[in-house]
1. How many residues are surrounded by 24 or more Cβ atoms within 10 Å (Cβ to Cβ) and farther than 14 Å from residue 102 by Cβ if we restrict to the range 62-78?
2. Take residue 141 and tell me if it is within 12 Å of the ligand (Cβ to nearest atom), over 14 Å from the mean Cα position of the chain (by Cα) and at pLDDT 95 or above.
3. So which helices (runs of 4 or more DSSP H) stay within the range 110-198 end to end and still have 2 or more residues that are surrounded by fewer than 16 Cβ atoms within 10 Å (Cβ to Cβ)?
4. Go through the range 55-83 and give me each residue that's without any contact (Cβ under 8 Å) to a residue 60 or more places away in the chain and in a strand (DSSP E or B).
5. Of the conditions (1) surrounded by fewer than 21 Cβ atoms within 10 Å (Cβ to Cβ); (2) part of a helix (DSSP H, G or I), residue 215 fails just one. Which one is it?
6. Scan the range 59-72 for residues that are more than 11 Å from the ligand (Cβ to nearest atom) and out of contact with any strand residue (DSSP E or B) (no Cβ under 7 Å at 6 or more places or on another chain) and jot them down.
7. From the list 52, 27, 106, exactly one residue is more than 11 Å from the ligand (Cβ to nearest atom) and either outside any helix (DSSP H, G or I) or under 26 Å from residue 143 (Cα atoms) (or both). Which is it?
8. Starting from residues that are without any contact (Cβ under 8 Å) to a residue 60 or more places away in the chain and out of contact with any helix residue (DSSP H, G or I) (no Cβ under 6 Å at 6 or more places or on another chain), keep the ones in the range 199-210 and report whichever is farthest from residue 162 (Cα to Cα).
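The values are calculated or read from the model by the stated rules, or taken from the named source; none is laboratory data. The structure displayed is predicted, hence computed values, not measured ones. Every residue, glycine as well, gets a Cβ built from its backbone with ideal geometry; the counts of neighbours run over all protein chains shown.
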Ligand SMILES: C[S@@+](CC[C@H](N)C(=O)[O-])C[C@H]1O[C@@H](n2cnc3c(N)ncnc32)[C@H](O)[C@@H]1O
């Protein structure tokens with residue numbers, strides 16, 4: 001069934017897989033996902049933002065990592081359109097946020113965010129930008145919204161799957177995504193179709209350079225692009241230079 005704002009039924013995929021989402025991630029990345037989110041959080045906090053948007057927050061691990069790492073009163077807003085994923089995030093946040101940071105979660109669609117222009121000093125997206133731009137007819141609209149809610153000069157930090165540059169590793173990575181992830185994810189979650197989409201979108205996603213071009217065309221300046229896990233994952237940092245209207 002088609003959902004508004006997506007060309008894949010993403011909302012129902014995440015409603016289906018939310019109970020096992022974290023477990024599949026841990027298994028599939030050999031525990032690397034938590035380490036990569038820690039790195040992304042430290043880049044996101046490096047300029048001392050006082051308000052950070054965790055876009056496509058899912059089960060909340062990145063928002064909670066930002067709160068854990070910040071030693072000052074930052075406000076973290078986790079935003080996602082899946083009430084099921086956010087239900088897990090809210091349960092995790094209960095009692096686990098100590099110290100000066102504040103975390104709250106807001107439900108809504110990335111194509112129409114209920115935030116004012118320039119509201120956030122930084123925007124972080126971990127494993128979510130692929131959903132917003134891969135085979136998504138609202139890709140331009142999503143980039144426009146990210147640009148709108150970030151203040152000029154504010155940082156955009158992206159952690160995402162990427163296509164490795166090394167040809168041998170690309171073959172291994174592609175084999176893993178084509179044959180292992182859909183089966184393992186499908187088996188653990190009971191929803192193979194969701195993991196077929198997730199694996200295929202990862203396999204066909206951009207290189208660091210390709211993603212950099214997209215961001216530069218959308219009103220951002222690329223500051224750094226780091227390959228992680230031999231280039232199967234990328235960590236990008238960009239800053240907003242101007243407005244973008246798709
Ligand atoms: C792969 S999960 C990533 C979750 C989390 N950031 C992480 O690091 O594990 C992608 C998330 O994006 C959300 N999402 C996809 N499209 C969205 C949209 N148009 N608006 C808001 N959230 C969206 C999904 O509900 C899902 O929770």
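1. 1
2. So residue 141 passes the test.
3. 167-175, 181-189
4. 75, 76, 77, 78, 79, 80
5. (1)
6. Hits for the range 59-72 are 68, 69, 70, 71, 72.
7. It is 52.
8. 200
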